[in-house]
Amino acid sequence: MTIEEYNKAVDLYADHLFRFIMKQSRNEALAQDVVQESFEKMWLKLDAINGAKAKSYLFTTGYHTMLDVLKKEKRVTSIDGESEQEQSHQQPQQYSDLSEVLEEALERLPDIQRTVIMLRDYEGYSYEEIGEITELNASQVKVYIYRGRISLKQYLVNIENVI
């Protein structure tokens with residue numbers, strides 16, 4: 001990869017990567033840090049990366065960096081004594097705005113389902129590209145997307161969630 005290709009990747013993909021990480025983590029500071037770290041890792045491996053694969057490399061690196069940070073935060077939270085069970089028993093909120101309802105539905109999905117759905121439907125990746133990013137095979141990606149969409153549909157058709 002050349003320096004010009006790197007600069008072009010920054011221009012083309014930084015915002016997309018930020019939005020993806022932001023939707024996954026719901027933490028703006030974390031998303032900014034992950035984007036910066038992903039581009040730093042790309043810079044350090046400039047000679048080894050094919051310019052045509054820059055987007056895939058960035059999303060793969062960003063996704064795995066985000067997972068590492070979230071795992072660290074989870075361990076720190078567990079050590080501090082906050083129970084995961086307490087967090088999961090929050091009362092569902094009532095929304096009337098469709099985008100807020102969709103955000104709530106996405107938040108309820110398991111991490112891997114939310115990730116593959118967002119990569120497919122929000123970012124437009126193919127099943128194979130999603131597989132590369134998440135280290136799954138294409139059939140696993142399809143299964144997770146299918147199951148996630150079924151869960152979203154079940155949540156969204158429940159009238160109590162829309163009112």
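Any residue at all in segment 7-14 that's farther than 20 Å from Gly124 by Cβ and at pLDDT 85 or above? Yes, segment 7-14 contains a residue that is farther than 20 Å from Gly124 by Cβ and at pLDDT 85 or above. Among the residues that make up segment 102-120, is at least one of them exposed (fewer than 10 other Cβ atoms within 10 Å of the Cβ) and either at pLDDT below 60 or closer than 30 Å to Lys53 by Cβ (or both)? No: zero hits. If Gly124 meets every condition in (1) surrounded by fewer than 18 Cβ atoms within 10 Å (Cβ to Cβ); (2) at pLDDT 85 or above; (3) under 22 Å from Leu67 (Cα atoms) apart from one, which number is that one? The failed condition is (2).
Could you list, ordered by first residue, the pairs with Cβ atoms under 6 Å in which the first is in segment 116-140 and among the small types (Gly, Ala, Ser) and the second is not in a helix (DSSP H, G or I), at least 6 apart or interchain? The qualifying pairs are Gly131/Asn137. Here the condition is being modelled with pLDDT under 85 and assigned to a helix (DSSP H, G or I); of Asp68, Asp47, it holds for Asp68 alone. Among residues of segment 23-34 that are within 17 Å of Pro110 (Cα to Cα), those with a Cβ under 9 angstrom from a residue that is β-branched (Val, Ile, Thr) and assigned to a helix (DSSP H, G or I), sequence gap 6+ or separate chain, pair up as Gln24/Thr115; Ser25/Val34; Ser25/Val69.
The values are calculated or read from the model by the stated rules, or taken from the named source; none is laboratory data. Keep in mind that what you see is a predicted model, and the values were worked out from it rather than measured. So basically every Cβ, Gly included, is an ideal-geometry build from the backbone, and we count neighbours across all protein chains shown.
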